[in-house]
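Have a look at the structure below before the remarks.
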Amino acid sequence: MPNPKLPELVLTDDERDMLEGWARRRKTAQALALRSRIVLRCAEGGSNSEIAAELGIQRGTVAKWRSRFHTDRVDGLLDEPRPGRPRTITDKQVEAVITKTLESTPASATHWSTRSMAAASGLTQTAISRIWNAFALQPHRREAWKLSKDPLFVDKVKDVVGLYLAPPERAAVLCVDEKSQIQALNRTAPILPLLPGTPQRASHDYIRHGTSSLYAALDITTGKVIGRLHARHRAIEFKKFLTVIDNEVPAELGVHLVLDNVSSHKTPVIKRWLAAHPRFSVHFTPTSSSWLNLVERWFSELTTKKLQRGSHTSVRALNADIRAWIKTWNDNPRPYVWTKTAAQILDSIARYCTRINNSGH
């Protein structure tokens, strides 16, 4: 028995634009993209068998979505709600949990847990977890923040970021700081090596064998580091490090130093030394803004890749390890690329200040 004649499928301009947009999807909603391609092809004419052969699908699939589109138009291509167990938690209960989480704390703790909130709300721990996940609430987490009170904050940010984004010609820009009180720690038992299924293991307790202070200057263009180790971190040691920089940077280049506001950087001894070496220009980061000094990023790598899991029986061994790591770094230096402009940084801080001000803090 021959098939009945297929009804003509005509699309409006809005429907065609919507279907073509859905059909172009390559990674998300692939089922919806296929249905859109089926309807677009049906609008061009042809039998269900022809269209199925062209798209590499079953004839019944083409018939289904052609019929659904005729009946419900674009809405017919969307997935219908699936039957399932009816909700046991009302919107009012969800709202109560969210309000209690945001506006109160338990009597015996500083923040809610899924167990304490479940006991307080009468819901299950799993239900509380799902509600918190749905609203991206994480009471167990806490982040720290600090805003600089430097009256010249804006000017200093523009000055330092300007150096990063547009370094002056015939000059070296060096980010300078000291990592003080690096401890030579020796574990009380040998570190057990990594094994399949078992991480490296070290004893929790340790013996202190003294401390060392590292002065470092990071060249923002090449990524190379000038480093010197001292037993103490005073203006005397900082002056010695400035002399090292003066000797290592070619004499024909100017030197721009990015420094923080620690007192040893501003003593009369340092001021006299800088006055006697006019090729040196100093750029101070704002108070409480160490994130603006790129050498801090290098210190972070030194800590995580060498110091954090190291074990040293003496300060001499610690210093030798740090010197070896600096040498390895300088054999293949990797400069850090600053991307944010001063305007973007200041706008971000302004938005954050507005947000915390509006939240009532």
- Using the Kyte-Doolittle scale, which helices in the chain average at least 0.0 and also have C-alpha atoms spread 30 Å or more along the helix axis, with helices defined as whole DSSP H runs? none
- With a sphere of radius 10 Å drawn around the Cβ of residue 50, what net charge do the other residues whose Cβ falls strictly inside it have (Lys, Arg +1; Asp, Glu -1)? +1
- Dipole magnitude of the stretch 153-224 about its Cα centre, charges +1 at Lys/Arg Cβ and -1 at Asp/Glu Cβ only, in debye to the nearest 20? 280
- Query: Once Kirkwood radius over Cα pairs in Å is worked out from the coordinates, which option in (1) 27.8; (2) 22.7; (3) 21.0 does it equal?
  - Reply: (1)
- Query: How much mean residue ellipticity at 222 nm does the chain get from its helices, if each DSSP H run of length 4 or more adds -39500 (n - 2.57) and you divide by all residues, to the nearest 500 deg cm²/dmol?
  - Reply: -13500 deg cm²/dmol
- Task: Please work out how much length the chain gains when fully extended from residue 170 to residue 321, using 0.36 nm per residue of separation minus the C-alpha to C-alpha distance, in nm with one decimal.
- Result: 51.0 nm
- Message: Tell me the carbon and sulfur percent of the accessible area for the stretch 239-361, rounded to whole percent, probe radius 1.4 Å.
- Response: 54
- Rough spin-label spacing in nm, given labels placed 7 Å along Cα→Cβ, for residue 147 and residue 53: 7.1
- Among 284-294, 105-115, what's the highest-first ranking by average C-beta atoms within 10 angstrom per residue? 284-294, 105-115
- Work through the residues other than residue 219 whose Cβ is under 13 Å from its Cβ and net out their charges, Lys, Arg +1 and Asp, Glu -1. +1
- Among 236-242, 37-43, 264-270, how do they line up from the highest to the lowest mean number of other beta-carbon atoms within 10 Å? 37-43, 236-242, 264-270
- Based on the Cβ-Cβ distance of residue 17 and residue 75, what FRET efficiency does E = 1/(1 + (r/R0)^6) give at R0 = 22 Å, to the nearest 0.05? 0.90
- Task: Could you look at the stretch 1-159 and say what percent of its accessible area is carbon and sulfur, using a 1.4 Å probe and all protein chains?
- Result: 51
- Message: Can you compute the charge dipole magnitude of the chain about its Cα centre, using +1 on each Lys and Arg Cβ and -1 on each Asp and Glu Cβ, nothing else charged? Give it in debye, rounded to the nearest 20.
- Response: 1240
- Quick one: accessible area per residue over the chain, 1.4 Å probe, rounded to a whole number of Å²? 64
- Note on the structure: To the nearest 20 debye, the stretch 63-172 has a Cα-centred charge dipole, built from +1 on Lys and Arg Cβ and -1 on Asp and Glu Cβ, of 440
- Grab the alpha carbons of the stretch 10-140, take their convex hull, and tell me the volume per residue in Å³. 167
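The values are calculated or read from the model by the stated rules, or taken from the named source; none is laboratory data. Just so we're clear, the structure is a prediction, and the values are computed from it rather than from any experiment. Backbone-built Cβ (ideal geometry, glycine too); neighbour counts: all protein chains shown. Ligands, DNA and RNA are stripped out before the accessible areas are found, and what is left, the full protein with its side chains, is counted by its heavy atoms. Shrake-Rupley method; radii C 1.70, N 1.55, O 1.52, S 1.80 Å.
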